[in-house]
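Contents: one structure, followed by commentary.
Derivation of every value follows stated rules applied to the coordinates shown; laboratory data play no part. Given the structure is predicted, the values throughout are model-derived calculations rather than measurements. Here Cβ is always computed from backbone atoms with ideal geometry, including for glycine, and neighbour counts include all displayed protein chains.
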């Protein structure tokens, strides 16, 4: 006979209030969860901001909200200046996985910390819920750069140029942003200190200066320059010195992305249809990235764990795909463009077109579950996740 949800709720709330002071015998979750399936989870006992933050965060990782009697996991607790949270396995024989108190920062920060701990236990992923994103916001005739929390909260406009910006990219640790600016009437690559707002021109060569992206160790910057004619891939030191041309394509190169070990760069070459290629940072011959699909392939982003490259196909209606970094058969994901991996190599932020508007959305790649970033209004694009 099933226990009613009301009785379960009363029991769990009582545990959250009284059991946290008692020693918890930790149980181990068997790693048998199907990574491609949504996992039902119940969240009870919270209210207001803590409740909404927890439910949003957990749904981002493919944890589906459910009633207590339908859930695989039970999340319960209270928040009164500090957040007391408990994670339990549901069902007969289920036990407490952990119970912790979170007292640092705001209610939002405490809820993010609890959600990160839950995600670590259930999905075995790195924490992402305190991370930040940068994105381009359409401001009428202009495009300006914004920074916010990963879920769109606390968005701050960081350029007020009354011009165009594009292709933001973070340095490791989120200390600097690099982006393309048209403020002077021609393209420059700008280095922008996140903490102080100080800006400097990183690359302003004759011709085009586009697509900056910093190496995972922060020591080098890859970019697209057309100072020699056709747009080609270049790499410099992080101070702009020691500039080296890696490709000598007659066709247009764009959208570089570093491998996590800093040894290779994947980029786009457009010769009729756009395709993906890889090249070593020492230069030499490039090689095509095998995907098994035809069409315009653009916007690659290498996952932080080095295993996968996500990219888009199409020219008007875009689709996201993921392929092994060594090449192989690509897997179709969802409609969208501008993909960028989160630090956990599981979540992707991307742009989704809805009614002639662009909105930022979060994709749980294994389950293909999509969650919109509804806190940001207006048309947004080109998100970059700090990692």
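Structure above, values below:
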{"quantity": "Cβ-based exposure ranking for 122, 279, 133, in which fewest neighbours within 10 Å come first", "calculated": "279, 122, 133"}
{"quantity": "Kirkwood-Stokes translational diffusion coefficient of the chain, alpha-carbon pairs, 4 °C, 1.567 mPa s, µm²/s", "calculated": "58 µm²/s"}
{"quantity": "Fluctuation leader among 368, 278, 70 - the chain, Gaussian network, Cα springs under 10 angstrom", "calculated": "70"}
{"quantity": "Convex hull projection area averaged over all views, the range 189-252, Cα basis, nm²", "calculated": "4.5 nm²"}
{"quantity": "Sequence-separation-based contact order of the range 132-385, relative, with Cα cut under 8 Å and 6+ spacing, percent", "calculated": "13 percent"}
{"quantity": "Approximate spin-label separation residue 51-residue 237, in nm, with each point projected 7 Å along Cα-to-Cβ", "calculated": "5.7 nm"}
{"quantity": "Whole-number Å³ per residue for the convex hull built on Cα positions in the range 342-384", "calculated": "71 Å³"}
{"quantity": "Top of 165, 374, 365 by mean-square fluctuation, Gaussian network on the chain, Cα under 10 Å", "calculated": "374"}
{"quantity": "With Cα atoms, 0 to 90° folded angle of helix 107-123 axis to the chain main axis", "calculated": "90 degrees"}
{"quantity": "Nearest 10 degrees, 0 to 90: helix 48-60 Cα axis against the chain principal axis", "calculated": "60 degrees"}
{"quantity": "Residue among 212, 339, 260 with the largest mean-square fluctuation in a Gaussian network model of the chain, springs linking Cα atoms under 10 Å", "calculated": "260"}
{"quantity": "Residue 294-residue 200 pseudo-label distance in nm [points 7 Å out on the Cα-to-Cβ vector]", "calculated": "4.9 nm"}
{"quantity": "Between the range 65-134 and the range 279-344, the Cα center-to-center distance that results, in Å", "calculated": "33 Å"}
{"quantity": "Sequence of 186, 102 once ranked by neighbouring C-beta atoms within 10 Å, starting from the fewest", "calculated": "186, 102"}
{"quantity": "Acute angle (nearest 10 degrees) that the helix 5-18 long axis makes with the longest principal axis of the chain, alpha-carbon atoms", "calculated": "80 degrees"}
{"quantity": "Exposure proxy ranking, count of Cβ atoms within 10 Å, fewest first, for 308, 255", "calculated": "308, 255"}
